[in-house]
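Here's the structure we're looking at; comments come further down.
The values are calculated or read from the model by the stated rules, or taken from the named source; none is laboratory data. From a predicted model like this one, the values you see are computed outputs, not experimental measurements. Here the Cβ positions follow ideal geometry from the backbone for every residue, glycine too, while neighbour counts run over all protein chains shown.
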Amino acid sequence: MNTKDLVFNIYIINLDKDVDRLEKITTELKPNTFKRIKAINGNEHDFINEPSIYKTSKYFCPKSVLGCNLSHRLALKTFLDESKKDMALVLEDDAEPIHKNYIERIEKCIYSAPDDWDIIKLDWMRNLPFGDSKKEFLCGYSAFATAYLINKKGANKILNNIIYWHYDVDINFYGLKIYNNSEKLFKQNWNNNGSNNQNIPFLITNIETIDVLNYKILRVEDTEFSGSGLLCFIIFTCVLMNCCYD
């Protein structure tokens, strides 16, 4: 199926330096084409004068997190400004389609989705209490923004809100109707090549919820802390203080 015949446009968020990722996802999505969104490199961007970012987040939120959030918003703005279609498929460049017929599965998802949807996630963290796992669409909080469908109503809601932290966390507080497709259609390629937000090896395998510890969550001046790094720092500090008082 040619991309022009789809009911949605495809947007890929990609940093200039991640050429290999762009080549890989281009191959995986063939014959469908997409519009590349030039991702914002947080380490090279001045966030101080960004009106869309909450004032304290400009100083304490990791730069990579802010860059990622702004990149997703750039994809949404491009969609609203340029597309005549009402829906878009937004992919991070480390997304991988799980099935060769991913387009047909996405279209099935669209036509069977609840009427009130703003976002339908096609990759999301499992092991969360969604309730009835037999439902076709699961409503509730979920992590990840690797791959998702969004309509113009949802895109406008996001752009009308301010940035606080991680994009996939923020959108849960914008009054959006977010559904998680019960069948994951994309997966995130967790490798060491590129610029995803993970900065330490997995400590525990096969447990997706532990992935959260690998994400950068706090910045103090130019030092950024992952969840695991901050946890280790707190434990070390408590042990040290305990030794000092013994």
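Out of THR27, THR78, I need the residue that is β-branched (Val, Ile, Thr) and under 18 Å from ASN161 (Cα atoms). Which one? Can you show your working first?
Numbers: THR27 fails: under 18 Å from ASN161 (Cα atoms).
Among THR27, THR78, only THR78 is β-branched (Val, Ile, Thr) and under 18 Å from ASN161 (Cα atoms).
State all residues of segment 103-126 that are out of contact with any helix residue (DSSP H, G or I) (no Cβ under 8 Å at 6 or more places or on another chain) and assigned to a strand (DSSP E or B); if no residue qualifies, say none.
Matches in segment 103-126: LYS121 only.
Of the residues in segment 171-183, how many are modelled with pLDDT under 90 and charged (D, E, K, R)?
Summing the residues that are modelled with pLDDT under 90 and charged (D, E, K, R) in segment 171-183 gives 1.
Can you report the number of residues in segment 32-75 which are under 17 Å from TYR164 (Cα atoms) and among the basic types (Lys, Arg)? First the steps, then the outcome.
Going residue by residue through segment 32-75, those that are under 17 Å from TYR164 (Cα atoms) are 40, 42, 45-74.
Pick out the ones that are also among the basic types (Lys, Arg) and you get 55, 58, 63, 73.
Qualifying residue count, segment 32-75: 4.
ASP81: modelled with pLDDT of 95 or more and out of contact with any strand residue (DSSP E or B) (no Cβ under 9 Å at 6 or more places or on another chain), yes or no? Give the steps one after another, and end with the answer.
Working: modelled with pLDDT of 95 or more: yes; out of contact with any strand residue (DSSP E or B) (no Cβ under 9 Å at 6 or more places or on another chain): yes.
Yes; evaluated as a whole, the condition is true for this residue.
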